[in-house]
1. Would you kindly give the portion of the calculated P(r) for the chain that falls above 30 Å, as a percent of all Cα pairs?
2. For the range 314-432, what is one quarter of the convex hull surface built on the Cα atoms, given in nm²?
3. Tell me the per residue accessible area of the chain using a 1.4 Å probe; a whole number in Å² is fine.
4. In terms of modelled amide H atoms, which long-range or inter-chain residues lie less than 5 Å from the amide H of TYR88?
5. In the range 102-173, what percent of the accessible surface is made up of carbon and sulfur (1.4 Å probe, ligands and nucleic acids excluded)?
6. Send over the semi-axes of the range 253-296's equivalent ellipsoid, whole angstrom and largest first, taken as the square roots of 5 times the C-alpha gyration tensor eigenvalues.
7. With contacts defined as alpha carbon pairs under 8 Å and 6 or more residues apart, what's the relative contact order of the range 120-420 in percent?
8. Roughly to the nearest percent, how much of the accessible area of the range 4-99 is carbon and sulfur, given a 1.4 Å probe?
Amino acid sequence: MTAHATEIRHLSAHEGETVTLTGWVETTRSHGKVAFAVVRDGTGIVQCVFLKKELPESVWEALGDLTQESAVRVSGTVKPDDRAPGGYELGVSRLDVLSLAEDYPIQPKEHGVDFLLDHRHLWLRSSLQRASLKVRHEVEQAIHDFFYENDFVRIDTPILTGSIGEHAGTLFATDYFGENAYMAQTGQLYVETACPAFRRVYCFGPTFRAEKSKTRRHLTEFWMVEPEVAFADSDDNMRLQEAFVCSIVERALERCQEELEVLERDTSKLEVIRAPFPRISYTEAVEILHGKGSDIQWGEDLGAPDEALITEDHALPVFIYNYPKQAKAFYMKENPQDPRTVLCNDLLAPEGYGEIIGGSQREDDLDRLRERIREENLPEEAYGWYLDLRRYGSFVHSGFGLGVERTVAWITGRHHIREMIPFPRLMNRLTP
Ligand code: 4AD
Ligand code: MG
């Protein structure tokens, strides 16, 4: 009988049959006449059982030489087994070693995180990393589906740009044929200009910030999704954020149960996430913080400890809205009710994960925007095209940016966002 080639994810359809799998050996152990190998094929793991008396001598010997992460082809009979990792066992009849691995650096023991990050290209194969990246994959798909279903058009914005998108302090600059170019900190300014073309738009891509901090929440290269909506004000913007975040969480709960289990995520914390989210003005937030012993001064941006103090009282994400102008970027709309502030919001995730979204209504008044660009000492000549949006049919519009890695860290319940991206870029890390 020729064995049916399949993948581990399909084993339940082959109970009692003989199948052939290809994959990598995670572990082996031998008890004299019976031996086990756990094989991973990228779609799951299965325990392979080898019985000495039923196998040719050559197979038994090959098994004895198998090293961790060797590539193999293995055939055998599929048996359900509740105790086996993955729920199935393969009663092996044949083993081909496709490539015998050298001594594998990552052993089933505790390694330091620097060692693991140095071996990130191999660390990706480990179960917690696989689970986190699978959740990331699902979150990214949920993002695209949400905007697709809500009639947004995706606009791919440039990565090399001549205009500073956020702040001059965290720019990666590079020479562009004798001109200064910057790696995009945001796609926002570009995506705004597509509103009059498509009304509802979004961009999704890598963004770059020369963050000289080594916190658990900062990468120098991270992925951001940025929707922008014409004729939407700051309130509409917050409503969109609620619906969007709820849809992502719901999707992860629906499709990533196995991964969240591997990650030991307390999913009851995610099951309660529902709109509406509490809204606290910046000024109220400062009062709350003073009540909790913080010495924050009105006008300062909230730091990570402040955010943690605010969110400790809430199971839901919390909006903080209308920050002081000086704490935020130049493009935010001045608040007509209190010109010291701007019409904006951050969204703080619960459980100490802090800011996952920054958003605002945009300054749509040509003169005020020009003034803000000057106040921030940004080169006005680089913003001619951006100001054109206020010259030719200016309109109320709002948008926001959600950081993918911070969102995935919250959903997976993992501490550090560096594990939420396949190859993290940090202040002190460009390899692998
Ligand atoms: O608050 P930020 O800086 O907002 C913007 O870039 C706007 N242009 C968005 C917009 O309105 N279209 O960044 C948005 C989000 C943050 O809330 C955070 O989740 C993430 O991007 N983020 C980072 N994630 C990882 N590492 C960093 N260094 C990050 N900086 C921001
Ligand atoms: Mg922000």
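The values are calculated or read from the model by the stated rules, or taken from the named source; none is laboratory data. These figures come from a predicted structure and were not determined experimentally. All Cβ positions, even for glycine, are placed from backbone atoms using ideal geometry, and neighbour counts span all protein chains on display. The accessibility values were calculated without ligands, DNA or RNA, using every heavy atom of the protein model including side chains. Shrake-Rupley method; radii C 1.70, N 1.55, O 1.52, S 1.80 Å.
1. For the chain, the share of Cα pairs beyond 30 Å comes to 52 percent.
2. 10.1
3. About 48 Å² of surface per residue is accessible.
4. Excluding prolines and chain starts, which carry no amide H, the hits are GLN47, ASP81.
5. Of the solvent-accessible surface of the range 102-173, carbon and sulfur hold 50 percent.
6. 34, 14, 7
7. Relative contact order for the range 120-420 comes out at 21 percent.
8. Here it works out to 49 percent.
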